[in-house]
Amino acid sequence: MGSYNIRLELELKDTPGQLLMALEPIARFGGNIRGIYHERERKEVDSLPVVFLFELEDLKNLSRIKTALEDKGIKVIKFLKDAEIFKKIVLLIGHVFATNILDTLDRIMACGVRVREVYAMINRPEDPSTVKLFIEADEQKKLDITMEELEKICEEKNLMLIKS
Amino acid sequence: MADVRIILVGFGTVGKGFLNVVIEKKSFLKEIYGLNLHINAVFKSDGGFISNTNTGLDIQSLLSIKDYKEHPQWVKDVKAYDKIPEMEADIVVELTPTNIGDGEPGLGHIRQALKSGKDVVTANKGPLVVAFQELITLAEENKRFLHYEGAVGGAIPVFSLARENLKSSKIISIEGILNGTTNFILSRMVSEKIPFEIALKEAQELGYAERDPSYDIDGIDAAGKLLILTNTILRRPEERFVKFDEIKIESIRNITQEAVELAEENNLVIKHVASAKEGKLEVGPKLLPKTSPLAVSSTLNSITFKSDLAGEITIIGEGAGGRETASAVLTDIITIFKKRIKTKNNN
Ligand SMILES: NC(=O)c1ccc[n+]([C@@H]2O[C@H](COP(=O)([O-])OP(=O)(O)OC[C@H]3O[C@@H](n4cnc5c(N)ncnc54)[C@H](OP(=O)(O)O)[C@@H]3O)[C@@H](O)[C@H]2O)c1
């Protein structure tokens with residue numbers, strides 16, 4: 001499953017409530033907001049350019065968001081859709097720490113992907129631990145390569161791998 | 001009205017379930033399909049009930065008798081293997097225990113039946129896993145039908161869906177939850193937040209899991225079913241048949257309670273999934289979105305076919321149970337008879 005990084009630049013009136021009004025359609029059509037920036041230095045007399053960064057799973061919704069904004073009288077200055085982001089969640093079960101988790105992560109990242117988050121649940125040292133990894137890539141192929149590498153790592157280190 | 005003479009091999013959960021269904025559906029089969037089913041013999045491991053009339057055995061008496069050895073038609077020590085070729089019958093229904101090692105005793109029974117000109121209906125995976133190619137070829141050479149709808153997914157009509165209802169599409173991949181016992185265990189780990197060992201014990205107490213549960217939880221049963229699905233549905237005529245040792249199998253034994261929790265945080269569930277995709281055959285734990293149609297709970301089974309025209313189609317249902325599996329057996333018998341009647345009319 002992938003999603004897109006969207007950069008949307010809007011011209012908002014410098015009045016209260018404008019920001020909320022702009023956020024509503026983004027949220028309604030499944031945008032996952034990651035950042036909002038005011039471009040104060042480019043401020044006009046009564047308007048202000050604002051940049052919204054968000055993730056969108058279904059690219060078709062981008063035009064719906066644009067139409068909804070324009071219907072509200074908000075001017076869309078420009079929008080950029082970044083490359084698609086491909087994501088995968090995996091679970092590792094076993095002696096994940098005792099088998100050098102840093103080496104595991106290095107080898108994953110050597111496949112050209114990012115490990116965005118790591119969660120671990122650890123019991124007694126002699127018990128197996130469970131680790132959840134969020135992996136992101138800009139190409140599906142890199143994710144596929146990573147999964148092959150992970151299979152190898154898990155076989156070597158005797159870990160159980162559960163893929164999404 | 002067509003008379004269908006049946007030899008039943010196996011008088012256990014499914015065998016008895018089948019006999020009950022034959023009584024229950026007697027008038028339905030006559031009215032709707034014009035079929036009159038006679039059970040000419042029923043075999044167990046230590047003998048068999050053999051009819052001495054041409055209307056078959058009195059099924060009710062078989063099901064209600066306390067000590068089967070007291071039944072007037074019981075013949076001690078007679079073997080299905082020897083009797084199948086000698087007896088006159090149209091269909092052999094093979095329902096002995098599954099044995100993935102050498103396929104016996106079912107393999108011998110099916111060979112004898114096909115060689116002596118009888119169609120075969122079975123829910124027994126063993127012979128199909130061990131000798132798929134041989135049996136398909138034997139059936140073709142003898143111009144007999146070999147149907148096994150009950151062997152995968154119990155009551156779910158997997159093969160007829162692929163064969164009859166998706167004729168226009170090419171099925172590209174198959175994914176499924178093919179074992180109700182493991183699915184029950186994993187579902188309980190999620191809903192009750194209990195560790196694997198306790199969920200397994202519960203499954204054993206409820207009779208879903210055997211005392212030795214390895215056949216289910218280590219993925220052997222699911223792998224056998226995946227092999228049958230792949231060879232029946234995905235294999236093109238020019239391609240070779242896949243073998244059991246080509247399937248990568250991983251057990252669910254080591255799944256921790258923490259893994260279930262970590263998955264849940266992202267609206268995912270861990271399921272034991274069998275998949276045949278891009279030439280890869282695998283059975284193992286997998287993360288599925290909770291909303292995936294494949295992610296059924298309790299003892300249910302599910303199967304998704306991905307095809308070129310129809311896209312993804314998922315069917316869900318009970319993967320086991322005497323009555324449920326008997327429904328698949330009976331459907332196979334009807335299917336075979338309809339085909340037989342059609343061939344007769346064309347000649
Ligand atoms: N149960 C289910 O829900 C289910 C679902 C799908 C598929 N299946 C498959 O259906 C088949 C039957 O299952 P089941 O649950 O009915 O098994 P079951 O209760 O163990 O019954 C097996 C029967 O086969 C008989 N048998 C064993 N060896 C024999 C031999 N050499 N000749 C003649 N009969 C013999 C047994 O006789 P004795 O009583 O003398 O031992 C018994 O009556 C299995 O292959 C199973 O995998 C079962």
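Placing dummy labels 7 Å off each Cα toward the beta-carbon, the span from B:Ile315 to B:Ile334 is 1.3 nm. Counting only lysines at least 8 places from A:Lys141 when in the same chain, those with an alpha carbon closer than 23 Å to its own are A:Lys81, A:Lys87, A:Lys88, A:Lys132, A:Lys152, A:Lys163, B:Lys248, B:Lys277, B:Lys280, B:Lys286, B:Lys306. Positive-end ranking of B:Ile171, B:Ala155, B:Leu227 along the dipole of the range B:137-230, with charges on Cβ about the Cα centre, is headed by B:Ile171.
Of the trypsin sites (Lys or Arg not before Pro) found in the range B:127-166, those in coil by DSSP whose Cβ has at most 13 other Cβ atoms within 10 Å are B:Lys143. In this rough spin-label picture, where each label sits 7 Å from Cα along the Cβ direction, the B:Arg236-A:Arg64 distance is 3.8 nm.
Taken about its Cα centre, chain B carries a charge dipole of about 1140 debye when Lys and Arg each add +1 at the Cβ and Asp and Glu each add -1 at the Cβ. Hey, if you drop one equal point scatterer on each alpha-carbon of the protein assembly as shown and run the Debye formula without solvent, what base-10 log of I(q)/I(0) do you get at q = 0.11 Å⁻¹? Here log10 of I(q) over I(0) equals -0.99. For the range B:39-176, the convex hull drawn through the C-alpha positions has a volume of 147 cubic angstrom per residue. Short-range pairs are left out: with C-alpha atoms under 8 Å and at least six residues apart, the relative contact order of the range B:159-318 is 35 percent.
Mind putting together the pair-distance distribution for the range A:1-85? All Cα pairs, 5 Å bins, whole percent per bin, short to long. In order of increasing distance, the bins hold 3, 15, 28, 26, 15, 8, 3, 1, 0 percent. Using the Cβ-Cβ distance between A:Asp82 and A:Glu148 with R0 = 30 Å, the FRET efficiency computed as 1/(1 + (r/R0)^6) comes to roughly 0.70.
Against the 2.2 N^0.38 Å scaling, with N counting residues, where does the range A:101-143 land? I'd like the Cα-based Rg ratio to two decimal places.
1.35
Evaluated over the Cα positions of chain A, the convex hull gives a direction-averaged projected area, one quarter of its surface, of 12.0 nm².
Compactness of the range B:241-347 was expressed as the Cα radius of gyration divided by 2.2 N^0.38 Å, which yields 1.45.
A DSSP coil position with no more than 11 other Cβ atoms inside 10 Å describes the following trypsin sites (Lys or Arg not before Pro) in the range B:201-239: B:Arg211. Here the alpha carbons of the range B:159-318 define both size measures, Rg and Dmax, at 15.9, 48 Å.
When you filter the GluC sites (Glu not before Pro) in the range B:137-195 for DSSP loop state and at most 16 other Cβ atoms inside 10 Å of their Cβ, you are left with B:Glu192. A convex hull fitted around the alpha carbon atoms of the range B:1-97 yields 95 Å³ per residue.
If you sort the three axes of the alpha carbon gyration tensor as a ≥ b ≥ c, you get a/c of 1.5 or more for the range B:98-219 and a/b no higher than b/c, which makes it oblate. If you wrap the range A:86-163 in the convex hull of its Cα atoms and look at it from every side, the mean projected area works out to 4.4 nm². Take every Cα pair under 8 Å whose residues are at least 6 apart in sequence, average their separation, divide by the length of chain A, and the relative contact order is 25 percent. The alpha-carbon atoms of the range B:155-239 define a convex hull whose volume equals 117 cubic angstrom per residue.
Take each residue in A:155-161, count the other chain C-beta atoms within 10 Å of its C-beta, and the mean is 2.
Normalised by the number of residues in chain B, the average gap of Cα pairs under 8 Å and 6 or more apart makes the relative contact order 19 percent. Using only side-chain charges placed at the Cβ, +1 for Lys and Arg and -1 for Asp and Glu, the dipole size of chain A relative to its Cα centre rounds to 360 debye.
Rounded to the nearest 0.05, the FRET efficiency derived from the C-beta distance between B:Val75 and B:Ser27 at R0 = 41 Å is 0.85. Annotation: Cα Rg of chain B relative to the compact-globule expectation 2.2 N^0.38 Å equals 1.02.
The numbers here are math on the coordinates, done by the rules we state, and not lab data. The structure displayed is predicted, hence computed values, not measured ones. Heads up, the Cβs are rebuilt from the backbone with ideal geometry, glycines too, and the neighbour counts pull from every protein chain shown.
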